[in-house]
Every structure is written in C-alpha cells, then in structure tokens.
Amino acid sequence: MTDAIAALRAEVAALHQELPRSGLVAWTSGNLSARVPGEDLMVIKASGVPYPELGAEAVVVCDLDGSLVEGEFAPSSDAATHGHIYRHRPEAGGVAHTHSGYATAWAARGEPIPCVLTAMADEFGGEIPLAPFALIGDEQIGRAVVQTLAGHRSPAVLMRSHGVFTIGSTPRDAIKAAVMCEDVARTVHLARALGEPIPLAQEEIDALHDRYQNVYGQR
C-alpha cells in the first residue's frame, strides 16, 4: 500500500464520522468512498463496521468492479454501486450513501424534491431527482444513479424506497451534498405541511446556481 492510499484511507475513515454527527445514518448503515487518483481503485467503508470503531483499517481498497484489492475486511455491499459511478462519472472523487430520515421519506413516496429554496438552487441547480427502485448488491443501483443524474446538475439522487446517493469532486464534497440534501428535504417537508411551496423560476435557479458555484466563498 502506498503512502497516498494509506492517507486516503485515514481521511475517509475520519470523514465517516460526519455521517452520524449530522444524523444521516443509523447503526452501521451508510458509507463513503473515495477514488484513488490516477488508479482504477477506490477506498470504501467495510461492511457492517460500527462508526465508533471505524478506523483506517476498516476502510478497504477495491477495484472499480467493487472487488477487494487490499484490506482485512469485506467491502461494503454498495461497493459495486460506487465503482460503477466512478467508471461512468470521471469527475467524481467521492461518493456517499445515506438513509437520512427526511430525504429517505421523499424516496419512499417516490417523489423528487422540488426546487423551492435558494439553498437548493445553489447546491443542486434544480430539483433533487428520483431514481427508480433497484436491488442492492450489484451494479443496478449504480446504473440508476448515473442514468438519473445525467439530466441534472444535482450531486444528489433519491433512490426510490431506499435512500440517498451523492457525488462530489472530493469525498468531503460528497458528504456536504448529503448533509445539504437532508437539510432541504426537511425544510421542503415542513413547507408542504403549511401549504404548497412556491417553485423558483428556471432563470432564478440558473442565476443562483451560477453565483454559488462561481462567486460564493473564497477563491
């Protein structure tokens, strides 16, 4: 194992703690992966490891088919999904998966989250789309994620009756998208309890997204 892969495993192990800290997972559910730069490899959480026990040794190295290359633990059952996303989304450096409560409730309803908030326009560039139901364990979910996101600017997708997958240029960006997805899912749910939310116009969404992506923050 190279020093670079060892450092990436340690980084991904530490970033996993953001998932329970932000209330995005329960027990051992959910996972995060990172692409190994310049290699057809990724690092990903091992299957069924509790978050308080998740150190770098529980982040394993896999190829992009999801097969174990290095590590003492079996990879996440979502490894093939993550690998498929990396193969078909070359800009993705990180992939996160959660079952966060409000976003997963939208997925259970089989409904995308409409773009009715400036925060959604900023981060997602429109609605958070819904992908069709797919079984866990092979590339079915990965194919659904890739196909659904192809027509959207969103880094997040709701898997019907399952949960959330997010992508980012780095694993931290993928975590951020998962946190923001749950935040807006909750807010839009609350807005609906009061009445029908007012959608943003497409030109407003475009302007907000462009500003957030290209002007906001430190450059």
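The values are calculated or read from the model by the stated rules, or taken from the named source; none is laboratory data. Predicted model only: the values in this text are computed from it and were never measured. All Cβ positions, even for glycine, are placed from backbone atoms using ideal geometry, and neighbour counts span all protein chains on display. Only protein heavy atoms, including side chains, enter the accessible area calculation; ligands, DNA and RNA are left aside. Shrake-Rupley method; radii C 1.70, N 1.55, O 1.52, S 1.80 Å.
Per residue, the convex hull around the alpha carbon atoms of the chain comes to 117 Å³. Near the amide H of residue 131, within less than 5 Å, lie the amide hydrogens of 158, 159, 160, all on another chain or at least 5 residues away, with H placed in the peptide plane. Overall size of the range 147-219 from C-alpha positions, given as principal axis extents largest first: 39, 31, 23 Å. Between residue 57 and residue 4, the contour length at 0.36 nm per residue exceeds the Cα-Cα span by 17.6 nm.
For the range 2-43, applying the loop criterion from DSSP together with a ceiling of 13 other beta carbons within 10 Å to the GluC sites (Glu not before Pro) yields no site. The Cα center of the range 154-219 and the Cα center of the range 1-27 differ in position by 22 Å. For the range 1-133, the share of accessible area belonging to carbon and sulfur comes to 55 percent (1.4 Å probe, ligands and nucleic acids excluded).
Accessible surface for the range 1-135, divided over its residues, is 41 Å² per residue with a 1.4 Å probe. Ranking 51, 102, 216 from most to least accessible surface, computed with a 1.4 Å probe over the protein chains only, gives 216, 102, 51. Amide H to amide H distances under 5 Å link residue 113 with 128, where only residues 5 or more positions off or on other chains count and H is placed in the peptide plane. Working from Cα pairs under 8 Å separated by at least six residues, relative contact order for the range 1-152 is 20 percent.
Screening the chain for DSSP H helices whose Cα atoms reach 24 Å or more along their own axis and whose mean Kyte hydropathy is at least -0.5 gives 171-194.
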